[in-house]
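Worksheet for the structure shown next.
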Amino acid sequence: TEVVAANVMGDSLIKAWREYKSLTQAELADMAGITQSALARMERPDTTPRRSSLKKLADAMGIAVEQLIE
């Protein structure tokens, strides 16, 4: 419910999940094998990341990729 509430408030699902998991952008980016700046772009609500990028993030956070698709 915290993730849903954050998403409703305007955060992207990526950011909502990252914050729910208590991770910084740098930590999640490192775990997913991407740059922090790339993650910052993906977290913008007006961005549609590639499924391959979403898969890396989902795997790093231990969630299903479908949980990152709005």
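The values are calculated or read from the model by the stated rules, or taken from the named source; none is laboratory data. Remember, it's a predicted structure, so these values are computed and weren't measured experimentally. What goes into the accessible areas is simple: the full protein's heavy atoms, side chains included, and nothing from ligands, DNA or RNA. Shrake-Rupley method; radii C 1.70, N 1.55, O 1.52, S 1.80 Å.
Observations on the model:
- Whether the stretch 25-70 is rounded, prolate or oblate, judged on the alpha carbon gyration tensor where a/c under 1.5 counts as rounded: oblate
- Accessible surface of the chain, 1.4 Å probe: 52 percent of it comes from carbon and sulfur atoms.
- Global geometry of the stretch 1-55, whether rounded, prolate or oblate, following the gyration tensor of its Cα atoms and the 1.5 cut on a/c: oblate
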